[in-house]
Structures are given as C-alpha cells and as structure tokens.
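What follows is calculated from the coordinates using simple rules that are stated; it is not laboratory data. Model, not experiment: these values are computed from the prediction. Neighbour counts run over all protein chains shown; Cβ positions are idealised from the backbone, glycine included.
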Amino acid sequence: MDILIFGHPALKEKAEPVNNIDEDLKKIIKKMAETMYKVKGLGLAANQVGILKRFFIMDASQKEGKNKLEIYINPEILEAEGSIIYEEGCLSVPGYYAKVKRFNKLYIRAYDLEGKIFERELEGLEAIVFQHEYDHLDGILFIDRLSPLKKQLFKKWWKKHHK
Ligand code: NI
C-alpha cells in the first residue's frame, strides 16, 4: 500500500463519512496497519492512501515500546481542552518535523470495526496523534498549522529535498 506524498490532491480533500463498516473496510484497515507499522508511523488516515472516507488508525503506544492499534471510524471531537506543543512529523511529508500546538485533552466519539459507537478520553501524545489524523480527514496537514513564515520555510525545504 502506497502512502501519498505532499502535493497529492487527495491530501487536501475533505473525506466523506463511512456508510458501511464491512469486510472491504476491514481489509483496507488491515493493510493500512501493516503499512503504518512497517514505516513506524504513529498514525495513518484514509486520505493518505487515497481513500476519501472518514477513518484513521493510530498507535501512540509504540513510543513506549508497546503495540496497541486504535481504529477510529467517523470520529468526532466532542470536547477539547488545554494545550500542548509537540514536534510532529507526517508519513506524507517525509523528513520534515515541526512544533505544532494542539489540545492536550480530548473527549471523542467514533465507531469501531464492529460498527459500535464508543466514547473515549484521550490525553497527551494520544490526543496529539488523534488531532493530527483527524485533520487529515479534513484535508489539513500539520504544516498548514504552522505560521505563514514557517510554512514558507517548509516550502523552500521541500523544494530542496523533493525534486
Ligand atoms: Ni500525517
């Protein structure tokens, strides 16, 4: 499974809700998980593999040497509070890292692979990764969250490193 890279139009599109949680979706998510773990990413959103549907996978526990896959289908952020700054990267923007300010705590709702709705509280890195992946579903990359000046610097950097 290929991960789309900065410049691909699918990364700027707003994804549509998932209507069917079926076998096809399960197969796609399995492939996405294999891809994500292979490249040691913390998260992977559907847009990044060219699917304009609202779902993503993530596993922030890898940072603690664990392995706990989380799947969020049609996610919603119900409440958000606090703030935290973390140096983010993105599988679609290889090699670039920048500090981004996010909410530190989230209360979210989503569907799981069985089609069951669930609610969860996320904090710290888990909340950061959730917001990063959630942004992907709205066609937003972490570099879009940088100041205009830093975004300019990113563009120069990108031109130099990705011809
Ligand atoms: Ni990303």
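Summary table below
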{"quantity": "Tabulated pairs, segment 85-104, first basic (Lys, Arg), second within 13 Å of the ligand (Cβ to nearest atom) and outside any strand (DSSP E or B), C-beta under 7 angstrom, 6+ apart or interchain", "calculated": "102/128; 102/131"}
{"quantity": "Selection count where residues are within 16 Å of the ligand (Cβ to nearest atom) and either among the polar types (S, T, N, Q) or in contact (Cβ under 8 Å) with a residue 12 or more places away in the chain (or both), scope segment 27-48", "calculated": "15"}
{"quantity": "Residue under evaluation residue 24, criteria (1) without any contact (Cβ under 8 Å) to a residue 24 or more places away in the chain; (2) in contact with an Asp or Glu (Cβ under 9 Å, 6 or more places away or on another chain); (3) not hydroxyl-bearing (Ser, Thr, Tyr), criterion not met", "calculated": "(2)"}
{"quantity": "In segment 4-27, the residues that are part of a helix (DSSP H, G or I) and closer than 17 Å to residue 114 by Cβ", "calculated": "23, 24, 25, 26, 27"}
{"quantity": "Scan of segment 75-103 for residues that are buried (at least 18 other Cβ atoms within 10 Å of the Cβ) and away from the ligand (no atom under 16 Å from the Cβ), ordered by number", "calculated": "103"}
{"quantity": "The one condition in (1) surrounded by fewer than 12 Cβ atoms within 10 Å (Cβ to Cβ); (2) basic (Lys, Arg); (3) closer than 24 Å to residue 104 by Cα that residue 27 fails to fulfil", "calculated": "(3)"}
{"quantity": "Residue in segment 130-143 that is of a type in the set (Ser, Thr, Tyr), part of a helix (DSSP H, G or I) and within 12 Å of the ligand (Cβ to nearest atom) present", "calculated": "yes"}
{"quantity": "Contacts under 6 angstrom Cβ, first residue in segment 125-154 being at positive phi, partner assigned to a helix (DSSP H, G or I) and charged (D, E, K, R), 6 or more apart", "calculated": "139/12"}
